[in-house]
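**Q** Let me give you the structure first, and then I'll get to my questions.
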Amino acid sequence: MAETGNRLRKLLESPNFDPQSYVKQLSQQSDGDRDLQEHRQKVQTLADETAQNLKKNVYKNYRQFIETAKEISYLESEMYQLSHILTEQKSIMESITQSLLSTDKDQAAKEMLAAFPKETEEVKQRTLTTLLEKVEGCKNIMETPGRYLVYNGDLLEYDADNMSQIQKVHAFLMNDCLLIATWLANRRGAVKYKYDALYDLESFAVVNVKDNPPMKDMFKILRFPESRIFKAENSKIKKEWLEILEETKKNKVAKDKNIKEEEVPTSPVRQEVSTNPFDEDEPLGSEELVDLSPEWIRELPEDLDVCIAQRDFEGAVDLLDKLNEYLKEQPVSPRVKELRGKVDERVRQLTEVLVFELSPDRSLRGGPKATRRAVSQLVRLGQSTKACELFLKNRAAAVQTAIRQLRIEGATLLYIQKLCNIFFTSMLETAREFETDFAGNTGCYSAFVVWSRSVMKMFVDAFSNQVFDSKESLSTAAECVKFASEHCMQLSEIGLDLTFILQSLLVKDIRAALQSQKDIIIEATKHRNSEEMWRRMNLMTPEALAKLKDEMRSCGIGSFDQYTGEDCWVNLSYTIVAFTKQMMAFLEEGLKLYFPELHMVFLESLREIILVAVQHVDYSLRCEQEAEKKAFILQNASFLHETVLPVVEKRFEEGVGKPAKQLQDLRKSSRSVRVNPDSTMSVV
């Protein structure tokens, strides 16, 4: 058989195998249907062996498959990098070509300048005035003295998110600002444009956008918290815009510097004496004492813009700390105040960016540690209160999102387990991160306590909607509350005890659940009492009797054996046994839900349930005339008063920590009724 299988395998594996001719030959050689069935079985056996061998080879070479996939991934990454390098090389070659062409153009331009004098500022101002007459809403642009036109041209503005075209604009670059005007759809006379925005040259940074189709011939204007992308007509015009913008910004910085250096007092100025006791004394000649000539100070505003644009928040705050340390011992002067004004504007922009980083609209993934960078920089900037508020809002939004995304399972306990794991783990992580970020700001801890109460209310709302509003059984509710309380106790590891808050938020729903379960038990007991025949229970099988003994033993009634008879008989009424099991289950579930605010509600519920059974026994004793049945009723009463009620009192005292005087009084009064069954029991 094995040789036949090997021969068949070799035949099927041969490169010249032809299925049609093989089947034709096989049908000619077979004697009947039986041969074909046997051959089919051989082919099926061979197919199973092949599949099994293939599966074994897959398992055997599984690691090689993984390593091969990694190598393919690495190769794909390297190919992408190679493509990126080639694209950069192409851009460099194009820029070199354009530079060579521009050199020739610069030479020609110099010759033209030598032949024709350069336009004066007065001519440029007249040109600017003529152009601005075509722009609606910019009459006040020319009120600034010395302002003139440097460059202008049409541009296309694109959306920074999806790179879709927004509108066509016309940009006017002046010696101290940049004006953006939009095209008017319905032109009125000579007016072609409408005023859109005016940016001071020091308030924005220009960034070149690398050509990557469809993004081509673009550059970006960064002015936090906004950024705008513009596209030039071609690469030549884009290059002109970038060069002229950079040159104009440098000229303005150099001009402002020269103006400051040339400012000298023409006459001695008498120092004003301040009446403000908090003003520091400013000695004469303090402006000369402050050395603002270091290069890093002169370039500080621009360096801050670059750090903000590159999201280097730590670098920006380091520069601010360095400046504050440098100016700490220096006297206040107009130049220092001017520098402070520029720096304060950058601080405001940096703060806005950090606030945006912590806003709940941003991605909430990464947990509390993802906010550490922005929070720590806000704290360093002296805005710990704002950082605390934003951090807690961010974490509240994260907790709310996690609760909303939690899938509602069919099993309530399973859902509550997931809900507790998510919520209390998030609380623990948030508390630890809060301690790390605000270790030196003890005043923020009160805000964290208030926040903890608010998110705990959010958790309790989700908890109650699933446990109490859906009318779950008291046993399920008790397990869920116990599970939540155990998780809440874990927060005490970091000194945060929210157990009281959890209990105070749940007390209303638990009270309603206890009273609802009490009413159900009382109604069921009254229904059984109405059908009471005062007969012994016959459980029919030893297994049923053993199960009942185990149930009573688990309820704490260890002396139940004395009430059992022969042949699976129990010397108690079905009503009394059912009441005992139901009442003991209510007691255990109530103890799981117990806390001091529920003491009287729980105790009164137990008392009312017991009172229904006691009154029924009292009534039956007074009404029953037959001696045998009366003796059986007394036996049930003895079980209820001497066995069940003491167990209830003991278990209540163990679970609560103090005895229940109302239950003791109820048992004593019922005992007097049992001793004198002809008397009328008084309701306590």
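The values are calculated or read from the model by the stated rules, or taken from the named source; none is laboratory data. If you're wondering where the values come from, they're calculated on a predicted model, not measured in any experiment. Counting neighbours? That spans all protein chains shown, and the Cβs are built from the backbone with ideal geometry, glycine included. When the accessible area is computed, the model is the full protein with side chains, heavy atoms only, and any ligands, DNA or RNA have been set aside. Shrake-Rupley method; radii C 1.70, N 1.55, O 1.52, S 1.80 Å.
**Q** Kindly indicate whether ALA181 is modelled with pLDDT of 85 or more, closer than 21 Å to ALA160 by Cα and either in contact with a Gly (Cβ under 7 Å, 6 or more places away or on another chain) or surrounded by fewer than 16 Cβ atoms within 10 Å (Cβ to Cβ) (or both).
**A** no
**Q** Going by the conditions given, is ALA524 within 49 Å of the chain's Cα centre (by Cα) and in a helix (DSSP H, G or I)?
**A** Spelling it out, ALA524 is indeed within 49 Å of the chain's Cα centre (by Cα) and in a helix (DSSP H, G or I).
**Q** Being part of a helix (DSSP H, G or I) and of a type in the set (D, E, K, R) narrows it down to one of GLU486, GLU472, so name that one.
**A** Being part of a helix (DSSP H, G or I) and of a type in the set (D, E, K, R) holds for just one of GLU486, GLU472, which is GLU486.
**Q** Let me ask another. Within the set of pairs 6+ apart or on separate chains, which have a first residue in region 435-453 that is over 15 Å from LYS386 (Cα atoms), a second that is open to solvent by 80 Å² or more (accessible area, probe 1.4 Å), and C-beta atoms under 8 Å apart?
**A** Note: pairs meeting the criteria are THR436/ARG372.
**Q** Across region 247-259, what is the total count of residues that are under 46 Å from the mean Cα position of the chain (by Cα) and loosely packed, with under 12 Cβ neighbours inside 10 Å?
**A** Number satisfying all stated conditions: 1.
**Q** Quick check on this structure: which one of GLU329, GLU302, GLU345 is open to solvent by 70 Å² or more (accessible area, probe 1.4 Å) and at pLDDT 80 or above?
**A** Of GLU329, GLU302, GLU345, the one residue that is open to solvent by 70 Å² or more (accessible area, probe 1.4 Å) and at pLDDT 80 or above is GLU302.
**Q** Go over the candidates GLU49, GLU13, GLU3 one by one and state the one that is loosely packed, with under 11 Cβ neighbours inside 10 Å and modelled with pLDDT of 75 or more.
**A** Going through GLU49, GLU13, GLU3 in turn, the sole match is GLU13.
**Q** In region 208-246, what residues are among the aliphatic types (A, V, I, L, M) and within 21 Å of VAL343 (Cα to Cα)?
**A** Answer for region 208-246, where residues must be among the aliphatic types (A, V, I, L, M) and within 21 Å of VAL343 (Cα to Cα): ILE221, LEU222.
**Q** Say whether the condition of being surrounded by fewer than 12 Cβ atoms within 10 Å (Cβ to Cβ), under 30 Å from GLU566 (Cα atoms) and among the hydroxyl-bearing types (Ser, Thr, Tyr) is met by at least one residue in region 474-496.
**A** Checked against the condition, which is being surrounded by fewer than 12 Cβ atoms within 10 Å (Cβ to Cβ), under 30 Å from GLU566 (Cα atoms) and among the hydroxyl-bearing types (Ser, Thr, Tyr), region 474-496 yields no hits at all.
**Q** Scan region 450-460 and give yes if some residue there is of a type in the set (Phe, Trp, Tyr) and touching a Phe, Trp or Tyr at 6+ places or on another chain (Cβ under 6 Å), otherwise no.
**A** Yes; the residues of region 450-460 include at least one that is of a type in the set (Phe, Trp, Tyr) and touching a Phe, Trp or Tyr at 6+ places or on another chain (Cβ under 6 Å).
**Q** Okay, next question. Can you pull out the residues in region 215-246 that are farther than 17 Å from GLU302 by Cα, open to solvent by 40 Å² or more (accessible area, probe 1.4 Å), at pLDDT 85 or above and part of a strand (DSSP E or B)?
**A** LYS231, the sole residue that qualifies.
**Q** Can you give me the number of residues within region 557-604 that are surrounded by fewer than 17 Cβ atoms within 10 Å (Cβ to Cβ), within 30 Å of LYS658 (Cβ to Cβ), at pLDDT below 85 and not hydroxyl-bearing (Ser, Thr, Tyr)?
**A** The qualifying residues number 2.
**Q** Look through PHE424, PHE434 and report the one residue that is at negative phi and touching a His at 6+ places or on another chain (Cβ under 7 Å).
**A** Testing whether each residue is at negative phi and touching a His at 6+ places or on another chain (Cβ under 7 Å) leaves just PHE424.
Residue-by-condition table, conditions (1) at pLDDT 85 or above; (2) surrounded by fewer than 16 Cβ atoms within 10 Å (Cβ to Cβ); (3) in a loop (DSSP other than H, G, I, E, B):
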{"residue": "ALA397", "(1), (2), (3)": "yes, yes, no"}
{"residue": "GLY410", "(1), (2), (3)": "no, yes, yes"}
{"residue": "LYS418", "(1), (2), (3)": "yes, yes, no"}
{"residue": "PHE459", "(1), (2), (3)": "yes, no, no"}
{"residue": "SER464", "(1), (2), (3)": "yes, no, no"}
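**Q** Here are the criteria: (1) modelled with pLDDT of 85 or more; (2) part of a loop (DSSP other than H, G, I, E, B); (3) among the acidic types (Asp, Glu). Tell me which single one GLU280 does not satisfy.
**A** GLU280 satisfies every listed condition except (1).
**Q** Name the single residue, out of those in region 619-652 being surrounded by 15 or more Cβ atoms within 10 Å (Cβ to Cβ) and among the acidic types (Asp, Glu), that is farthest from LYS581 (Cα to Cα).
**A** GLU624
**Q** From the list ASN175, ASN212, ASN208, which one is at pLDDT below 85 and not hydrophobic (A, V, I, L, M, F, W, C)?
**A** Only one candidate passes the filter, namely ASN212.
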